[in-house]
Each structure stands twice: as C-alpha cells, then as structure tokens.
Amino acid sequence: VGDLTRIFIAALEAEQKTKFLKVPKPLPGASPAEQVFVIDGERLSVVRETVFHEDPVNLLRLFHVAQKRGLDVHPRAMRLVTQSLRLIDQDLRADPTANRLFMEMLTSRKDPETTLRRLNEADVFGRFLPDFGRVVAQMQYDMYHVYTVDEHTIFAIGMLQRLEDGTFKKELPFECCIMDSIASRRVLYLAVLFHDIAKGRGGDHSELGARVALKMGPRLGLDIAETETVSWLVAKHLVMSRIAFKRDLDDPKTIQDFVSIVQSPERLKLLLLLTVADIRAVGPTVWNGWKGELLRRLYNGALELMSGGVTGGAEADLKRRRDAARALLDDFSEQDFEEFNALAYPHYWRLVDPQTVARHARLMREAALTEAPLSVSTRVDAGHAITEVVVYTADHAGLFSRLAGALALAGAVIVDARIATMANGMALDTFWVQDLDGGAFERPDKLAKLSVLFENVLAGRINPYLELTRKPAFPNRAQVFTVPPRVLIDNKASTSHTLIEVNGRDRPALLYDLTRELTRLGLQISGAKIATYGEKVVDVFYVKDLFGMKIDEEPRLKTIRKALIEALNQPQAEAAKGFPALTAAS
C-alpha cells in the first residue's frame with residue numbers, strides 16, 4: 001500500500017504541475033547510453049515508452065542515473081518500469097553491465113538506502129535478485145524485529161553509509177574509524193545485503209545465506225577471495241553478538257575461541273561493522289551504549305591477541321594488575337593494601353580491571369570500619385547506557401537470586417552480573433543494569449531506595465516472587481507468543497566454569513526463578529549474561545558445583561536441564577513456602 005501510494009501521489013503532483021512546467025530537458029553531459037533519459041519537472045523520466053524494451057538494462061540504468069544525479073524518478077517512468085518487469089529474465093540477470101550498475105548503486109556514497117528502496121518499490125530489486133525477492137515483505141512474527149526482512153536489510157545498508165559519511169561520528173566514533181580503514185567496501189556492503197537473504201527457508205539462515213553468497217559473488221563481479229569473504233561474513237554474522245552478549249569477555253578463553261573463528265584483523269573489522277549495522281537496523285530501541293561497549297571490548301581483546309599483545313605468564317599478569325591497582329589507591333597504606341590483597345583470590349584479579357579494583361577496595365574498607373552488614377555502591381555510566389551496582393555482604397546460598405529479585409522490584413533490568421567471594425566469606429556481587437527503556441538506571445529516587453530494598457529482601461521482609469508475579473492491570477503482549485523452552489549446557493566454553501544457557505519466553509520473576517532453582521540444585525553462580533529479544537529471553541550462567549568444580553556427570557546434567565525446563569514451563573508456580581532471612585540485617 002505504501003509503495004503504490006507513493007507512486008499515485010507523485011503522479012497526481014506531476015499532473016497538477018504540468019501546465020506550469022516547461023518541456024522535458026535532456027540530461028546535461030549524458031553518456032550515449034544515458035541519452036534515453038530526460039529531466040521532467042526535476043524528476044528523471046524517459047524520452048519514449050519503448051526505452052526499456054529497446055534495452056532491458058535501462059530498467060537498472062534509470063535508477064543508477066537518478067542516484068548519480070540526485071534526482072527522484074518520475075511517476076510516468078515508474079509506471080513504465082512496473083509494466084516492463086517481465087523483461088527482467090535470466091539474460092538480464094547475467095548481463096555484466098546490469099550487474100555492474102547494480103553493484104555501483106549498492107556501494108555508492110550517494111544514499112544507497114534510498115536507491116535500493118526505490119528499486120524495491122518498483123519490484124526491480126526482487127526480480128533482478130530472485131533470492132532477495134523471496135524475503136520482500138516477509139514478516140518476522142516476534143516482538144524483537146520491527147521491520148520486514150527486506151526493509152531491515154535496506155535499513156542496515158543505510159547504517160553502513162552513515163558510518164562512512166560521518167553521520168555517526170559523535171555517536172560511534174570508534175566504528176566510524178574502523179569503517180575508514182577497511183580494505184574492501186563492496187565485500188562489506190554485499191555481506192550486509194545477503195546476511196538475512198535466506199530467512200524463511202527452513203534451516204539455519206546464516207549457512208543457507210552463505211551458499212547464496214557463493215553463488216552470487218561471481219555474477220556481481222567479485223573475485224574468488226572477495227566471494228569467499230562475503231560468504232564467511234554471512235555464515236558468521238551472528239557470532240560476534242552472541243559471544244559479546246553471552247560470554248564472559250574477561251575470560252581469556254572467550255577471546256581465544258573468538259580469534260580462532262575470525263583469524264584475521266580484516267575479517268574482525270568487517271564482522272564488527274556488519275554486526276553494528278545489523279543490530280541498529282533491527283528497530284529504533286534495540287541498540288544502546290552498553291551493547292556497543294561489549295562489542296568494542298570483544299574487538300579490542302581479539303585484536304590484541306592477534307597482534308601478540310598478550311605476553312608473559314599468569315604470575316606476571318597478576319603482578320601487573322596488582323601494581324596498577326596499588327597505584328590508584330594512593331589513600332591506602334601498605335598495610336591497608338596487603339589486607340585487601342589477602343582477601344582477593346587470584347581469579348578476582350584476573351577478571352577485574354584496576355579501576356574497578358580500586359573502587360571495590362574502598363567500599364570494602366569502609367564496610368569494615370563501620371561494621372556494616374550490607375554495603376551498596378552505584379555508578380551511573382550514561383554514555384554506555386548502563387549503571388553498575390555493587391553489593392558487599394555476607395555470602396549465602398541463594399544470595400544472587402535474592403539480589404536479582406530485589407533489582408527487578410526496583411525496576412532495573414540486569415544485563416550482566418559477576419559474583420566474587422572473598423577470603424573473609426563476604427560476597428562482592430556486581431550487577432550492570434538498565435531501565436526498562438534500555439537506558440542507564442539513573443533516577444535518583446530509585447537509586448536511593450536500592451539499599452533499603454536489598455536489606456528488606458535479604459532480611460526476608462519482602463518476598464520478590466510474590467511481588468513480581470502479581471497479576472498486572474493490563475495483559476502482557478508477550479503472552480500471545482510461544483517460545484519453546486531450551487537449556488544448553490557447555491563445558492568447553494570456559495576452562496573453569498560450566499556454562500548454562502536458558503532460552504524461553506520472558507516473564508516477571510523469571511530470572512529470580514531460574515537462579516533460585518540453580519541454588520536449589522547446589523550450584524554456585526559466578527556470573528550471568530542476560531539478554532532479551534522482544535518476548536524471548538536468553539540467560540547464560542557461569543556455574544560451578546559446591547566444591548568449585550565443573551559439572552560433567554551426565555545424570556546431574558540431565559537433572560539440571562529438567563529442573564530449568566520445568567521452571568520455564570511454570571510461570572504461575574506457587575512461591576516457595578517460607579522466605580527466611582539471609583543476613584543479620586533483620
């Protein structure tokens with residue numbers, strides 16, 4: 001309806017202006033092939049109605065000239081295009097000139113998004129590339145994807161162009177610099193065009209799309225190396241976001257696994273840019289500063305490893321980290337620092353950067369001086385759309401679950417978490433949270449209430465489950481969607497932890513339910529990555545058993561899967577009877 005309306009309104013406008021306009025003007029400086037076009041009322045038109053029948057390549061050349069000259073296409077010409085679509089056959093698709101014109105439009109620095117949208121409106125796009133025609137107007141029935149597949153793809157190409165022309169220079173300066181340094185623009189643009197082209201075919205659209213790229217690359221003028229790179233990018237276009245959003249980026253094995261997939265700095269650049277364009281084109285509220293920060297951390301970690309930047313042994317690395325933290329703690333005496341150092345296990349030093357270590361040390365010293373049973377610190381990072389919440393209190397089984405429930409009650413959405421136990425039996429739990437709109441959790445009144453809320457939940461005066469599962473005043477839109485529950489357990493992704501990935505439909509109290517179930521199963525949660533895609537939630541937990549070991553016995557793994565599947569399938573399960581206090585705060 002939108003496409004037809006645009007053509008109809010343009011035709012009405014042209015008709016109304018006809019009596020005021022001069023006769024169509026020839027294109028100044030036109031090449032012989034372009035002399036079949038004229039400028040009619042500031043729009044590009046054709047000299048006669050037989051232009052497309054005389055040379056079907058003109059069906060593409062019309063839009064190519066319009067893009068090059070910065071002109072809109074006249075409704076009369078658009079009408080003739082739609083009446084001539086049968087001319088787009090195998091001969092035209094194989095024509096080198098037609099394919100060259102298409103690639104020039106796709107990779108042009110003059111607004112390729114608008115040109116591709118015009119091609120799509122005229123149905124030339126889908127006919128010239130039949131694989132693309134299969135995703136035109138293809139809906140994605142969820143609450144995450146806002147646009148049809150073809151519109152999402154065209155938006156993503158527009159995102160690339162904005163990275164290149166400086167539109168995103170203030171918002172994404174790092175990515176814009178990367179864009180300026182890539183070796184092959186057309187590889188990147190073609191990879192974005194093909195990344196979702198195989199959706200809806202019944203199978204892994206990444207792998208199926210990679211095969212399409214292998215077939216189409218030579219036709220569009222790419223050499224063997226370029227075609228292989230486009231195919232690889234399409235096959236791996238979800239890898240970087242999956243690792244950045246689901247894995248612990250401070251775990252060296254995470255970076256090593258990613259580098260083993262990417263292998264080269266140039267591919268790393270291309271994959272970062274493809275990932276950013278893809279996410280930003282999903283919908284207007286999907287991208288935020290925190291996601292950008294995670295992708296940049298993964299990129300920098302991988303580039304450092306590829307460049308041989310990781311040197312020295314584990315002991316030397318620990319010493320460097322301790323020395324860097326000590327330099328930041330100029331208000332600590334040597335005795336103060338040694339007391340803090342004695343509380344922190346080596347694993348803590350490997351996971352936490354020196355600036356954060358310094359903040360933790362001051363929080364712990366203050367807690368010891370005041371003998372506070374519960375200490376809470378918050379730090380708002382509006383630039384990355386995230387708020388860091390640090391809780392220092394006595395460690396107990398189920399502590400993470402209670403804290404997660406309290407944050408949910410406060411209206412905070414957890415996107416990342418790290419749990420550390422110190423040598424004195426105290427837990428130092430860090431949560432990175434956002435508000436419901438994907439921004440930093442920064443309202444002063446809500447931040448001020450966090451300590452009281454934590455205290456009441458840990459003391460047993462508030463049961464998060466009962467509060468979070470109250471029937472809402474209005475029904476949740478997510479309830480109409482069915483998300484098959486799935487639990488994946490991975491013992492290879494980390495050298496020290498078992499990773500448990502839980503997929504299911506999002507609902508109130510789900511994170512609290514899952515973490516409570518993990519605690520009941522006798523598992524220690526060391527970290528968590530929380531991601532929500534519309535109605536679907538993907539939670540990843542780094543866990544150990546009570547003895548600090550991975551879980552690798554198959555009977556126990558089956559028990560864990562069964563328990564978590566049941567938790568996903570029972571959104572209305574009754575709250576556990578009794579809600580004992582966990583801290584002396586009561």
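For the reader, a short list of remarks on this structure follows.
- Virtual spin-label span in nm between residue 253 and residue 335, 7 Å along Cα→Cβ: 4.2 nm
- The mean sequence separation of alpha-carbon pairs under 8 Å and at least six residues apart, normalised by the residue count of region 241-365, gives a relative contact order of 28 percent.
- Amide proton proximity set for residue 533, modelled H, under 5 Å, gap of 5+: 538
- Remark: spin-label model distance residue 561-residue 123 equals 4.8 nm, labels positioned 7 Å along the Cα→Cβ axis.
- Carbon plus sulfur fraction of accessible area for the chain, probe 1.4 Å, in percent: 54 percent
- Legend: residues 208, 268, sorted from most to least accessible area (1.4 Å probe; ligands, DNA and RNA excluded), read 208, 268.
- Dipole axis of the chain (+1 Lys, Arg; -1 Asp, Glu on Cβ), positive-most option in 358, 384, 343: 384
- Considering only 547, 494, 370, the residue lying farthest towards the positive end of the dipole of the chain is 494, judged by Cα position with unit charges set on Cβ.
- Note on the chain: dipole from Cβ charges, positive end direction compared against 133, 30, 51; the farthest Cα belongs to 51.
- Principal-axis tilt of helix 224-235 within the chain, Cα atoms, nearest 10 degrees: 50 degrees
- Start at zero, step by 20 Å, and the Cα-Cα distances of the chain spread as 18, 44, 26, 11, 1 percent across the bins.
- Cβ-based net charge around residue 401, under 10 Å, with every Lys or Arg adding one and every Asp or Glu removing one: +1
- Net charge of the neighbourhood of residue 431, taken over other residues with C-beta under 11 Å away and scored Lys/Arg +1, Asp/Glu -1, is -2.
- Accessible area of residue 331 (1.4 Å probe, protein heavy atoms only, ligands and nucleic acids ignored): about 70 Å².
- Amide hydrogen proximity for residue 420: with H placed 1.01 Å from N in the peptide plane, the residues at 5 or more positions away or on another chain lying under 5 Å are 428, 429, 430.
- A simple spin-label model places pseudo-atoms 7 Å from Cα toward Cβ; at residue 488 and residue 397 they are separated by 3.0 nm.
- Binning the alpha carbon pair distances of region 209-303 at 5 angstrom intervals from zero yields the distribution 2, 14, 23, 21, 18, 12, 8, 2, 0, expressed in whole percent.
- Protein-only accessible surface at a 1.4 angstrom probe places the residues 214, 106 in the order 214, 106, largest first.
- Rounded to whole numbers, the Karplus 3J(HN,Hα) couplings from phi for region 130-143 are x, 5, 5, x, 6, 10, 5, 6, 7, 6, 10, 7, 7, 9 Hz, using 6.51 cos²θ - 1.76 cosθ + 1.60 with θ = phi - 60°, and x at Gly and Pro.
- Counting only DSSP beta bridges with both residues in region 1-151, the antiparallel share comes to about 75 percent.
- Our helix-only sum for the chain, with -39,500 (n - 2.57) per DSSP H run of n ≥ 4 divided by its residues, gives a mean residue ellipticity at 222 nm of -15500 deg cm²/dmol.
- Using a Förster distance of 30 Å, the FRET efficiency for residue 171-residue 307 (Cβ separation, nearest 0.05): 0.65
- Other-chain or far-sequence residues with amide H under 5 Å of residue 72's (modelled H): 44
- Given 492/550; 291/529; 68/215; 492/544, the pairs whose alpha carbons are separated by over 20 Å: 68/215
- Highest average packing first - 119-128, 490-499, 507-516, Cβ atoms within 10 Å: 507-516, 119-128, 490-499
- Sequence-distant contacts, meaning Cα pairs under 8 Å at least 6 residues apart, place the relative contact order of region 164-219 at 22 percent.
- Förster radius 25 Å - calculated FRET efficiency between residue 35 and residue 72, Cβ distance, rounded to 0.05: 0.80
- Pairs of Cα atoms nearer than 8 Å and 6+ residues apart set the relative contact order; for the chain it is 9 percent.
- Across region 560-568, rounded Karplus estimates of 3J(HN,Hα) from the backbone phi angles (6.51 cos²θ - 1.76 cosθ + 1.60, θ = phi - 60°) give 5, 4, 4, 5, 6, 4, 5, 5, 5 Hz, Gly and Pro being marked x.
- Solvent accessible area, Å² - residue 392, 1.4 Å probe, full protein context: 10 Å²
- Across region 51-101, the convex hull enclosing all Cα atoms gives 66 Å³ per residue.
- Sparsely packed loop sites in region 141-241 (the trypsin sites (Lys or Arg not before Pro) outside DSSP H, G, I, E and B with at most 10 other Cβ atoms within 10 Å) comprise 170.
- Dipole magnitude (debye, nearest 20) for region 229-273, charges at Cβ of Lys, Arg, Asp, Glu: 160 debye
- Taking every protein chain into account, the 1.4 Å probe leaves residue 442 with about 100 Å² of accessible area, to the nearest ten.
- Estimated from the Cβ-Cβ distance and a Förster radius of 22 angstrom, the FRET efficiency linking residue 446 and residue 424 is about 0.15.
The values are calculated or read from the model by the stated rules, or taken from the named source; none is laboratory data. Quantities reported herein were computed from a predicted structural model and do not represent experimental measurements. Neighbour counts run over all protein chains shown; Cβ positions are idealised from the backbone, glycine included. Ligands, DNA and RNA are excluded from the accessible area calculation, which covers all protein heavy atoms including side chains. Shrake-Rupley method; radii C 1.70, N 1.55, O 1.52, S 1.80 Å.
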